[in-house]
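Let me begin by presenting the structure, written as structure tokens, before commenting on it.
The values are calculated or read from the model by the stated rules, or taken from the named source; none is laboratory data. Owing to the predicted nature of the structure, the values given are computational and were not obtained by experimental measurement. Please note: Cβ atoms are built from the backbone with ideal geometry, for glycine as well, and neighbour counts cover all protein chains shown. These area figures cover heavy atoms from the full protein model, side chains too; ligands, DNA and RNA do not enter into them. Shrake-Rupley method; radii C 1.70, N 1.55, O 1.52, S 1.80 Å.
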Amino acid sequence: MRPRGTDPRGPLRRRGWDAGAALPEGALVTGGASGLGLELVRLLAADGARVLATDIHESVDPSLLPNGVDYLRLDVRSDDDWAAARTWVQSHW
């Protein structure tokens, strides 16, 4: 048995992500500034995915997000915000 923290798999695999399923190379996470969305952002980033955390807030405390995670304001009810998010992803990824 390996000591805690030495499992070579990322946190999503350790939590039971289907080993046959590919992890995303990049992920846009809505609600990514708090709660379950923020936890998903952290897990994806720890597994090496490029992550764009989005939420309705204008900004988020950078210390909440893992290194390398970008943040974009996104109101999921707004077509204009979705268009801006698509443009961001296309130009940065």
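Side notes on the structure shown:
- Selection count, region 15-48, where residues are of a type in the set (Ser, Thr, Tyr) and either modelled with pLDDT under 95 or in contact with a His (Cβ under 7 Å, 6 or more places away or on another chain) (or both): 0
- Only residues that are under 21 Å from ARG86 (Cα atoms) and under 8 Å from the mean Cα position of the chain (by Cα) were counted in region 38-54, giving 10.
Listed here are the residues, each with its yes/no results for (1) assigned to a helix (DSSP H, G or I); (2) open to solvent by 50 Å² or more (accessible area, probe 1.4 Å).
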site	(1), (2)
LEU28	no, yes
GLY32	no, no
GLU39	yes, yes
LEU52	no, no
SER59	no, yes
VAL76	no, yes
ALA83	yes, yes
THR87	yes, yes
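- Residues of region 61-74 classified as farther than 19 Å from TRP93 by Cα and either assigned to a loop (DSSP other than H, G, I, E, B) or open to solvent by 80 Å² or more (accessible area, probe 1.4 Å) (or both), total: 3
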